[in-house]
Amino acid sequence: MKKILIFGLGRSGHGLLDYLAGDYDEILVTDDAPFDADKLSDAYNTKISAYTDGESVDLVLLSPGISPSHPKVLKWLEEGVPLQSEIDFAAEQLPGAVMAISGTNGKSTTTAWCAHILGVPAAGNIGIPLSATLRERALLQWNILEVSSFQLAFSRALHPKLAAILNITQDHLDWHGSLDAYIEAKSRLFASMDESDSLLIGVDSPLLQKMMEGRKHPFVLREFSVQREVEKGAFYKDGGLWLREEKDIFLLDSEELSLQGDHNIANALAAASLAYCAGAKVGNIRRALKDFPGLRHRYEIVASSDGVRFINDSKATNPESTLPALKSAKVPTIVLMGGYDKGIGYDILFAQELPHLKAVVCYGSTAAIVAESAKKYGVERIYRVRDLEEAFDKAFQISAPGDDILLSPASASWDAYSNFEERGDHFRELVGRLNP
């Protein structure tokens, strides 16, 4: 029997333990954070042992947070130890087809929207590891996965039947080391696809277009665009959303979408095209585009107090994902921005016309960088505070009836929180204190 080592005991690591427990006499685990192997053994009713450096193993299963430059990873690569990503391992166990969705921004919403159309559960980077749901997927025709660049960095065998890359902008450069490495990770999404498969790309993204230029590929290429018509795929024209396959199919006017904004038109186009290729009926697509409820932490209207509306957009972990929220603002908006520094700048955000931006309240590790960029582009009201709670208090103090207070950090959460969900929940808790 193979000797398996799981590296990383976050959600994906525990998903792997849940799936493998009972099939192996012993499972080795390791993590940079402290853990109790005895407690894990009791929890999974399987012998789970802490890995000792230098111990011989047949396969290392990597959680998505493990960096390619981690010393252990480099050592295993040098020694020729087989490494496999959690997403690759889990996908190999699936009887049904895989639909995989990636991109810098919009992938969670698009994945959830597509799953809503098809009536199946989504998994992957959306917050539910695929490995944790394998036992529930035996009868599913389609497995819809959100796939991040972290998951793709070690992917060598993922073979989607349908896949989408929505867009590419600079992100996670601290982790990948360079933009080229980030783009290379994204390209692994379609590395194993063949002539019977289809890849959908967002042609409004210059970096994504550049990535695809000159690439020979066996798969069917589809496109989606908010800015122009496409040969095959989905597009936006004269206020309406269209599919173009064997014929043009009008879906609905953009005003009928359950989620508004140009970015959500793009998300809806991608979800509709993928769902149609997966066999969804046009009537079901139309209905689901109208009644999709959206995601928590993604421009989520939490509550109002004293005439001020509070919006939780904690999922916005880079400037490009904050930009749609600010550009679509219709009232004076105070934005709370800051968090972990991923090595990207904020000029692309503040260089835009943002007529309803009332003030920027900066906090966390990126506070100084955000404030400097905002000042550079003429934002007049800039406040620097220590953390999210102080930012919330300052925003409420300077607000007036009719304002929006928007948490859209444009930064990762890791300087103070485990993930963006925890950060968003803290914001919701702060709002709740105003309305006990």
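Bear in mind that the values in this text are calculations on the coordinates, not laboratory data. As the structure is a prediction and not an experimental result, all values here were calculated from the model. Neighbour counts are summed over all protein chains in view; Cβ atoms, including those assigned to glycine, are modelled from backbone coordinates with ideal geometry.
Mind running the shape call on the range 119-178? Use the C-alpha gyration tensor, a ≥ b ≥ c as the square roots of the eigenvalues: rounded below 1.5 for a/c, prolate if a/b tops b/c, oblate otherwise. It comes out prolate by the Cα gyration axes.
Nothing charged except the Cβ atoms of Lys and Arg (+1) and of Asp and Glu (-1): what's the magnitude of the dipole of the range 300-434 about its Cα centre? Round to the nearest 20 debye. The partial results should precede the final answer.
Numbers: 15 positive and 20 negative charges, 66 e Å.
Around 320 debye, computed over the range 300-434.
Per-residue 3J(HN,Hα) values for the range 216-232, derived from phi via the Karplus relation 6.51 cos²θ - 1.76 cosθ + 1.60 with θ = phi - 60°, read 8, 8, x, 7, 6, 9, 10, 10, 9, 7, 8, 9, 7, 6, 10, 6, 8 Hz in sequence order (x marks Gly and Pro).
On the beta carbon distance between Phe35 and Ala191, with R0 = 45 Å, the FRET formula returns roughly 0.85.
Look at where the Cα atoms of the range 5-56 and of the range 259-328 average out, and the two centres are 37 Å apart. Distance from the C-alpha centroid of the range 65-100 to that of the range 133-186: 12 Å, rounded to the whole angstrom.
Relative contact order of the chain: what whole-number percent is it, with Cα pairs under 8 angstrom and at least 6 residues apart?
Details: 923 pairs, mean separation 48.7, N = 436.
For the chain, the relative contact order is 11 percent.
What number comes out for the charge environment of Pro401, summing +1 per Lys or Arg and -1 per Asp or Glu over other residues with Cβ under 12 Å away? If you can, show how the numbers build up before the last one.
Details: positive: Arg309; negative: Asp306, Asp403, Asp404.
That works out to -2.
Comparing Cys362, Gly338, Ile249 along the charge dipole axis of the chain, the residue lying farthest to the positive side is Ile249, per the Cβ-charge model. DSSP beta bridges fully contained in the range 87-291 are about 30 percent antiparallel.
Dipole orientation for the chain: of the candidates Ser418, Gly432, Pro71, Gly432 has the Cα lying most toward the positive pole (charges on Cβ; Lys, Arg +1; Asp, Glu -1). Under the convention that each Lys and Arg Cβ holds +1 and each Asp and Glu Cβ holds -1, the size of the dipole of the range 288-332 around its Cα centre is about 100 debye. In the chain, the sites counted are GluC sites (Glu not before Pro) in DSSP loop states with at most 12 other Cβ atoms within 10 Å, and the longest stretch holding none of them, exclusive of the sites, is 56-194. Our summary of shape: the Cα atoms of the range 4-81 have principal axis extents of 34, 22, 20 Å, ordered from largest down, in whole angstrom. For the residue pairs Lys281/Lys342; Lys186/Lys327; Lys290/Lys376; Lys237/Lys330, the C-alpha atoms sit more than 32 angstrom apart in Lys281/Lys342; Lys290/Lys376.
So, with +1 on the Cβ of K and R and -1 on the Cβ of D and E, and no other charges, what is the size of the charge dipole of the chain about its Cα centre, to the nearest 20 debye?
Values: 44 positive and 60 negative charges, 190 e Å.
Charge dipole of the chain: 920 debye, to the nearest 20.
For the range 87-291, the residue among Pro218, Leu134, Ile285 whose Cα projects farthest onto the positive side of the dipole built from Cβ charges is Leu134.
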